[in-house]
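The structure appears below as structure tokens.
Read-outs: derived from the displayed coordinates by stated rules, not from any lab. All figures in this text were calculated on a predicted structure; none of them were measured in a lab. Cβ coordinates were reconstructed from backbone atoms using ideal geometry, including for glycine residues, and neighbour counts include every protein chain displayed.
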Amino acid sequence: MLKNFLSLTFVLLSVSQATAADLPRDSDYDYEPPVPGSYSLPVVKAAADGAIFDSNGKPLNLRDLTHGRITVLSFIYTRCAAMKACPYAAGVLNQLHSLSVDDPTLAKNMRLVSMSFDPDYDTPQRLAAYSEKFLEEKSGCEWRFATAKSRSDLESILAAYGQAVDKRANASDPQGPLYHILRVFLIDRAGRIRNIYSSGTLDPRLVVADVKTLLLEETRLSKQ
């Protein structure tokens, strides 16, 4: 767990210096992000539902966390130490949360969800402890941590989102006991997936541009 925490700390430090007005380029994302509203995001499909617990142990449905706000949903597990996987995704969501502290529009309209696919280990109590590494700022947008209520519920959710998860041959692998491809979902207020980010595209500048593009879309449609 110490190794996981050090990896996570490194990622958080590496993405915590930007401001909402001028998120910096880096070696992975050396391009100018698109201007919000200058493009459109097609509907991919409806975001799937499923029975879950939040980090307080409260039972709810996943749709409760994918409707009503523009949601960034990341599938993770807390034992992951692969730098371009869960720790990186958590770091990007942490950056988005930090930006929302000073951006009332993001704070009011955006939600972050970290959904564990390791329910046997990631109990609500462990998720609550994990969330404390990120939620030092009590203001900003909503950020929820959750896991499935059962293994069968989990498999149904993962299949619906196309999120593959496999056990590593070596359970003591330094990157963690599970292997998965990073997938992070942008979901609009109506519960429809509008973008899917991978490790190669999960740039916080792009996510912010996409969230603001959806907000501008809402404004435009409300005037029609």
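Could you work out the local net charge near residue 37, counting Lys and Arg as +1, Asp and Glu as -1, over the other residues with Cβ closer than 12 Å to its Cβ? Walk me through the intermediate numbers first.
Values: positive: 212, 220; negative: 210, 217, 218.
Cβ neighbours under 12 Å give a net charge of -1.
Return the whole-Å distance between the Cα centroid of the stretch 45-80 and the Cα centroid of the stretch 153-214. The stretch 45-80 and the stretch 153-214 have Cα centres spaced 12 Å from each other. Residue ranges 150-161, 99-110 sort as 99-110, 150-161 when ordered by packing (mean number of other C-beta atoms within 10 Å per residue, highest first). Per residue, the chain reaches -10000 deg cm²/dmol at 222 nm when only DSSP H runs of four or more residues are counted, each adding -39500 (n - 2.57). One chain, two ends: residue 61 and residue 181. Fully extended at 0.36 nm per residue, the span grows by 40.8 nm beyond their Cα-Cα distance. Ranked from largest, the principal axis spans of the Cα set of the stretch 61-101 equal 32, 26, 12 Å.
Summing Cβ point charges (Lys, Arg +1; Asp, Glu -1) relative to the Cα centre of the stretch 55-182 gives a dipole of roughly 160 debye.
Isolated cysteines in the chain, defined as those with no second cysteine Cβ under 4.7 Å, comprise 141.
So how much slack lies between residue 222 and residue 101, counting 0.36 nm per residue of separation and subtracting their Cα-Cα distance, in nm?
Details: separation 121, 0.36 × 121 = 43.56 nm, distance 2.65 nm.
Stretched fully, the residue 222-residue 101 segment lengthens by 40.9 nm.
In whole percents, the pair-distance distribution calculated for the stretch 110-186 from its alpha-carbon pairs, binned every 5 Å from zero, is 3, 13, 21, 23, 22, 12, 5, 1, 0. Taking amide H as placed 1.01 Å from N in the peptide plane, the amide H of residue 195 sits under 5 Å from that of 186, each at least 5 places away or on another chain. The per residue volume of the convex hull around the alpha-carbon atoms of the stretch 68-124 is 86 Å³.
Paramagnetic label reach from residue 46 (point 7 Å along Cα→Cβ; backbone nitrogen cut-off under 11 Å): within the stretch 177-203, residues 191-192.
A simple charge model with +1 on the Cβ of Lys and Arg, -1 on the Cβ of Asp and Glu and nothing else charged puts the dipole of the chain at about 440 debye relative to its Cα centre. An ellipsoid equivalent to the chain, defined through the eigenvalues of its Cα gyration tensor, has semi-axes of 26, 21, 16 Å when rounded to whole angstrom and sorted largest first. Annotation: the antiparallel percentage among DSSP beta bridges lying fully within the chain is about 60. When the Kirkwood radius is taken over all Cα pairs of the stretch 95-224, what Stokes-Einstein diffusion coefficient follows at 37 °C and 0.692 mPa s, in µm²/s? Approximately 197 µm²/s, per Stokes-Einstein.
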